[in-house]
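Let me begin by presenting the structure, written as structure tokens, before commenting on it.
The values are calculated or read from the model by the stated rules, or taken from the named source; none is laboratory data. Keep in mind that this is a model prediction, so the values were computed, not measured. Using ideal geometry, Cβ is built from the backbone for each residue, glycine included, and neighbour counts are taken over all protein chains shown.
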Amino acid sequence: MTKLRIEEVLSQADKDRIHRSAVTLLDKLGFMCNHPGILEAFRQAGCRVGDELAKPKGARAVTFTEEIIADALSKAPSQFTLYPIAPGYREIRFGSGEAYFAANGGDLLWDIDTGELRGAVLSDFVTGSRLIDACENFDALLGFPHYWMYDVAKKEEYEKYGCIGALMTGVTMLHCGKPPLRVYFASTEQELTDTVHLWQIAAGGKEAFRKKPCGGIV
């Protein structure tokens, strides 16, 4: 595989425009959070926490000022490495200047046999993970090959199934050895803990994961 430098993909003006757009989104729109402890941490950091929303239960919109974002970026490491689940795959070196490409999923898929647009099921997770694993130009898996297992749980009752995110992570890891980047979403506090635990097992334990993390939250 030919390695690309980020300068070959994005100019400085492109990067500045992406940064400004991200800051605007976090300042004007933000995101939803329904965990009391995390909401309190956001308040203490100076974030704006809105009124309680109707759904998900207990959720509030959290927005960030440009100053808070700049302070957080100044404290983040300039470089770090994300390691693959299995040997023989490319490491992801954030901050190295190299460009990487990740695969992501969606809510629905076109059934290759029937032509039907439908929700993904467990077997689609297996097939999708193996497909991404085999694609040479994908360096990592961002999130999941699909966003739900409709034969496992009802998505409209998401709050009842706090472990399904960890379940989807585990199925994907069994069939794709590339570094996994988890797009954070969780309906319960335990879900994120379970996901990290799966990464620790894949790395060979807590200390091994600390030295060579094979999963990350974005």
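Results, tabulated for the structure shown:
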item	result
Subset tally (residues that are part of a loop (DSSP other than H, G, I, E, B), within 17 Å of GLY216 (Cβ to Cβ) and out of contact with any Asp or Glu (no Cβ under 6 Å at 6 or more places or on another chain)) for the stretch 76-104	12
When residues of the stretch 151-164 are limited to those that are within 15 Å of ASP107 (Cα to Cα) and under 20 Å from the mean Cα position of the chain (by Cα), the one modelled with the highest pLDDT	ILE164
Residue within the stretch 108-131 that is in contact with an Asp or Glu (Cβ under 8 Å, 6 or more places away or on another chain), part of a loop (DSSP other than H, G, I, E, B) and within 29 Å of GLU8 (Cβ to Cβ) present	no
Cross-chain or 6+ apart pairs with Cβ under 9 Å, the stretch 30-45 first and touching a residue at least 12 places away in the same chain (Cβ under 8 Å), then of a type in the set (Ser, Thr, Tyr)	GLY30/THR63; PHE31/THR63; ASN34/SER187; HIS35/THR188
Leading residue by the ranking (surrounded by the fewest Cβ atoms within 10 Å (Cβ to Cβ)) among those in the stretch 62-79 that are in contact with a Gly (Cβ under 8 Å, 6 or more places away or on another chain) and of a type in the set (A, V, I, L, M)	ILE68
Test: ALA86 is in the same structural domain as TRP199 (by TED's automatic domain parsing), touching a residue at least 60 places away in the same chain (Cβ under 8 Å), under 22 Å from HIS19 (Cα atoms) and not basic (Lys, Arg)	no
GLU66 being outside the structural domain of PHE138 (by TED's automatic domain parsing) and free of Cβ contacts under 8 Å to residues at least 40 places away in the same chain	no
Members of the stretch 15-47 that are under 14 Å from GLU66 (Cβ atoms) and of a type in the set (Val, Ile, Thr)	VAL23, THR24
Residues located in the stretch 50-66, provided they are closer than 21 Å to SER21 by Cα and assigned to a strand (DSSP E or B)	ALA61, VAL62, THR63
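Quick grid of which residues meet (1) farther than 20 Å from TYR150 by Cβ; (2) of a type in the set (S, T, N, Q):
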site	(1), (2)
HIS35	yes, no
ALA41	yes, no
CYS47	yes, no
LYS57	yes, no
THR81	yes, yes
ALA102	yes, no
GLY106	no, no
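Every residue, every condition in (1) modelled with pLDDT of 95 or more; (2) farther than 28 Å from HIS197 by Cα; (3) more than 19 Å from the chain's Cα centre (by Cα); (4) surrounded by fewer than 15 Cβ atoms within 10 Å (Cβ to Cβ), yes or no:
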{"position": "GLU52", "(1), (2), (3), (4)": "no, yes, yes, yes"}
{"position": "ARG60", "(1), (2), (3), (4)": "no, no, yes, no"}
{"position": "THR81", "(1), (2), (3), (4)": "no, no, no, yes"}
{"position": "GLU98", "(1), (2), (3), (4)": "no, yes, yes, no"}
{"position": "PHE101", "(1), (2), (3), (4)": "no, no, no, yes"}
{"position": "ASP107", "(1), (2), (3), (4)": "no, no, no, yes"}
{"position": "ALA120", "(1), (2), (3), (4)": "no, no, no, no"}
{"position": "PHE125", "(1), (2), (3), (4)": "no, no, no, no"}
{"position": "GLY128", "(1), (2), (3), (4)": "no, no, no, no"}
